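Trainee: Supplied in structure tokens, the structure appears directly below.
The values are calculated or read from the model by the stated rules, or taken from the named source; none is laboratory data. Since the structure is predicted, the reported quantities are computational estimates derived from the model, not experimental observations. Methodologically, a virtual Cβ is constructed for each residue, glycine included, from the backbone with ideal geometry; neighbour enumeration extends over all protein chains shown.
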Amino acid sequence: MRVVANSLKRSIQGVLISGILSTAPSPAQTVARQWNAENLAAIRIDFPAPTVHARNLFHLSVAMWDAWAAYDPAMIGYLHNETATIPVSHTLAQARDEAISFAAFRVLKQRYAFSINSATTLAALDDRMIALGYNIANTSTVGSTPDAVGNRIAASIINHGTSDGANESADPGYTDITGYAAINDPLVLESNDTIAGFPLGWVDLNRWQPLAFSRAETQNGFEARSIQAFVSPHWGSVKGFGLFTADLNVNSLYFDPGAPPYLGGTGDLDYKNNAVEILQYSALLDPADTTTINLSPSARGNNTLGQNDGTGHPVNPTTGIPYPDNIVLHADYGRCVAEFWADGPDSETPPGHWNILANEITDDIIADPSLDLKIANTGPVLDTLEWELKLYLVLNAALHNTAVAVWGVKEHYDYVRPVSAIRYLGRTGDLPLTPGLVEEITPATIASYHSHLSDHSGKIAVNTWPGEPADPVTQSGGRAWILAEEWLPYQRDTFVTPAFAGYVSGHSGFSRAAAEVLTLMTGSPYFPGGLSSHTILAGGLFFENGPTVDLTLQWATYYDAADEAGESRLYGGIHVSPDDGPGRIMGSLIGQSAFTYAQKFWDGSVLQLSTVDLGETGELTYHSIPGYHYTLESGTHPDSFPTIEATPGIATGHENTITVPTTDPARFFRFKITGP
């Protein structure tokens, strides 16, 4: 038996990222850009949970898209569909702006009501509405006015949020109902051990180990739990954009990359060598080392997906001229990328960071007379509002899906962070020895260069970044021999490493997903003009003093920028290579699939159901669009369906299951879909 379809359509502190501290709109900014800016401003002063903020950015984007679609019979909303009318007092553009603003305003007010700085954020949202000329007291969802349309759309999205699996609450990362508990005891940073003492509490160093601080802070400076709790371990069950039950594998994961290397199991040597690789990255952070690196796109980038094997691009495709060299101290580069991509003070988190980059790309396209706002650089030129609404929808859908898929993987494999792996291997003596980098402390080395470690003969020492200096404003850590069991990543000592498992890297996944979306949206992997750059001023770092001189990061393509974001986590000591590469691969698949699915809402083809075999049980799982009415019809011929078998009614979600009688194997079925 078959089912066919018939549808009736209707800078860090203004140094690393310029301009991010102000949310005041320029006169040319669309309402979509203004509400995106408000969301980013809210993120900066809230607990930096990438999961939560990716979802908020996505649902804001849905609110604005659905408001646009309500006034366009060719477009389909994602969570709310209705046919809106234009009041005689409004033009189409005015009605859209107002509906978009009310929808965005209500969603953001609800989402940030319990944020750390809710009073500041909620007041800013009120001010934005007032500045736009709208009455925030208009809360009615009844009627055909644009404010009521926007309020209805917001209500649909807020209602969806109560059952999408996120478990909204005032808890950072929202409420976990999975019962997750770390298998390892917390690593107490002051004692460099568990409370019970090594080896007690070090249960399985393939698994995540929380850290215990005397004082802990988030990357944007808010006080955090003194003992880490896994942020959002339940996120793999949150509903995604175009992610359906059939897409889950046997591990109940989307885009599962498979298991990482295991200590004492498959990949044991890789596990140990990955730890050494992170120590090699850490050793590169000494500004007294005169080793240089060429950051020019002529020398770096153009990698194979998941690798760091690129040798650059021969010429700038826009100018036809080779990219000039950009030679800097490797230590300055490593420290700058670790901080730039970490989204440190005033963090937007990785999803917000890529929204900022997307906004800059839009501005660059508009400013370049040789470029147009055309999807995939084909078809009609879009006005700025339509372009931004479509860009935000697909970009933030991809980022949200990345959070869902990556956090599912994080919780399932529950993989160790480098700080725990390196300290454990140092204690057990299993850290591979590397002259000048990883050595055993012996009487001979004590007599030569390990004199300050004379009380630790027989233990393992590493020659790396030794930790945050006493005065980060005027000093840098450099490089020194320290005990492996005391090693720290290049981070603030109140942060050290994120409060969730390592495998796979969220930065790698988010960044590659965004790069795929930007490539597909613009029709080119290259930044407008063939180059994007960002300058970090001398002394502009926060973890310690640096860089020694102004340093300019450069990328030819979105992929180059995304790859650097992934590798930056190795310089920062946050991830090992197996966290990074598979994260990029996941992000690539997620970004492409999100773009493919988003296009179906732009052209209406999302209403076209595929032919489905009911199978032996007669159970049918089908995809639906909220607001549309579904009727299952049947007949004995594939061109005639006179019998109504079931009337599921108006869909409220995107995936539904019904059971159909299967007594007649020659019977054909189809869905009739009617619009709101």
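Trainee: Does at least one position in the range 57-67 carry a residue that is buried (at least 24 other Cβ atoms within 10 Å of the Cβ) and modelled with pLDDT under 95? Reasoning before the result, please.
Mentor: The first filter runs over the range 57-67 and keeps only residues buried (at least 24 other Cβ atoms within 10 Å of the Cβ), leaving 57-67.
Restricting the remaining residues to those that are modelled with pLDDT under 95 gives none.
No - not one qualifying residue is present in the range 57-67.
Let's see how each residue does on (1) over 27 Å from residue 363 (Cα atoms); (2) polar (S, T, N, Q); (3) part of a helix (DSSP H, G or I):
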site: 485; (1), (2), (3): yes, no, yes
site: 498; (1), (2), (3): yes, no, no
site: 511; (1), (2), (3): no, yes, yes
site: 521; (1), (2), (3): no, no, yes
site: 534; (1), (2), (3): no, no, no
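Trainee: With 257, 317, 324 as the choices, which residue is modelled with pLDDT of 95 or more, part of a loop (DSSP other than H, G, I, E, B), of a type outside the set (Lys, Arg) and surrounded by 20 or more Cβ atoms within 10 Å (Cβ to Cβ)?
Mentor: Just a single option satisfies the conditions, and that option is 257.
Trainee: Could you tell me how many of the residues in the range 273-314 are of a type in the set (Ser, Thr, Tyr) and either assigned to a helix (DSSP H, G or I) or touching a strand residue (DSSP E or B) at 6+ places or on another chain (Cβ under 6 Å) (or both)?
Mentor: Number of matching residues: 3.
Trainee: Okay, next question. Could you count how many residues in the range 329-351 are farther than 21 Å from residue 526 by Cα, buried (at least 21 other Cβ atoms within 10 Å of the Cβ) and at pLDDT 95 or above?
Mentor: 9
Trainee: In the range 497-525, what residues are touching a strand residue (DSSP E or B) at 6+ places or on another chain (Cβ under 6 Å) and either surrounded by fewer than 22 Cβ atoms within 10 Å (Cβ to Cβ) or under 25 Å from residue 215 (Cα atoms) (or both)?
Mentor: Within the range 497-525, 501, 502, 525 qualify.
Trainee: Looking at 196, 283, 229, which one is of a type in the set (A, V, I, L, M, F, W, C), surrounded by 15 or more Cβ atoms within 10 Å (Cβ to Cβ) and closer than 27 Å to residue 461 by Cα?
Mentor: So the residue among 196, 283, 229 that is of a type in the set (A, V, I, L, M, F, W, C), surrounded by 15 or more Cβ atoms within 10 Å (Cβ to Cβ) and closer than 27 Å to residue 461 by Cα is 283.
Trainee: Would you point out the residue of the range 211-226, among those that are touching a Phe, Trp or Tyr at 6+ places or on another chain (Cβ under 8 Å) and assigned to a loop (DSSP other than H, G, I, E, B), that is surrounded by the fewest Cβ atoms within 10 Å (Cβ to Cβ)?
Mentor: 226
Trainee: Next question. Quick one: is residue 101 among the polar types (S, T, N, Q), in the same structural domain as residue 83 (by the TED database) and in contact with a Ser or Thr (Cβ under 9 Å, 6 or more places away or on another chain)?
Mentor: No, not satisfied.
Trainee: Considering only the range 113-157, state which residues are of a type in the set (Val, Ile, Thr) and more than 28 Å from the chain's Cα centre (by Cα).
Mentor: Across the range 113-157, the qualifying residues are 130, 136, 139, 141, 142, 145, 149.
Trainee: Does residue 171 satisfy the condition of being within 17 Å of residue 56 (Cβ to Cβ), within 31 Å of the chain's Cα centre (by Cα) and modelled with pLDDT under 95?
Mentor: yes
Trainee: Taking only the range 106-123 into account, find how many residues are assigned to a helix (DSSP H, G or I), surrounded by fewer than 19 Cβ atoms within 10 Å (Cβ to Cβ) and not β-branched (Val, Ile, Thr).
Mentor: We begin by selecting, within the range 106-123, every residue assigned to a helix (DSSP H, G or I); these are 106-111, 118-123.
Filter again for surrounded by fewer than 19 Cβ atoms within 10 Å (Cβ to Cβ), leaving 109-110, 118-120, 122-123.
Going one step further and asking which of them are not β-branched (Val, Ile, Thr), we end up with 109-110, 118-119, 122-123.
Final tally of qualifying residues: 6.
Trainee: Only one residue in 422, 361 is buried (at least 24 other Cβ atoms within 10 Å of the Cβ) and of a type in the set (Val, Ile, Thr), so which one is that?
Mentor: Answer to the check: 422.
Trainee: Oh, and also: Which one of these is over 23 Å from the mean Cα position of the chain (by Cα), surrounded by fewer than 22 Cβ atoms within 10 Å (Cβ to Cβ) and among the small types (Gly, Ala, Ser): 604, 546?
Mentor: 604
Trainee: Something else about it: Can you say whether residue 563 is closer than 30 Å to residue 214 by Cβ and either crowded, with 24+ Cβ neighbours inside 10 Å or of a type in the set (Asp, Glu) (or both), as far as the supplied structure shows?
Mentor: no
Trainee: Scan 162, 91, 139 and give me the residue that is hydroxyl-bearing (Ser, Thr, Tyr), closer than 25 Å to residue 384 by Cα, loosely packed, with under 15 Cβ neighbours inside 10 Å and at pLDDT 95 or above.
Mentor: Matching residue, one of 162, 91, 139: 91.
Trainee: Turning to a different aspect of this structure: Select, from 185, 204, 147, 164, the only residue that is under 26 Å from residue 53 (Cα atoms), among the acidic types (Asp, Glu) and part of a loop (DSSP other than H, G, I, E, B). Give the derivation first.
Mentor: Numbers: 185 fails: under 26 Å from residue 53 (Cα atoms); 204 fails: under 26 Å from residue 53 (Cα atoms); 147 fails: part of a loop (DSSP other than H, G, I, E, B).
Going through 185, 204, 147, 164 in turn, the sole match is 164.
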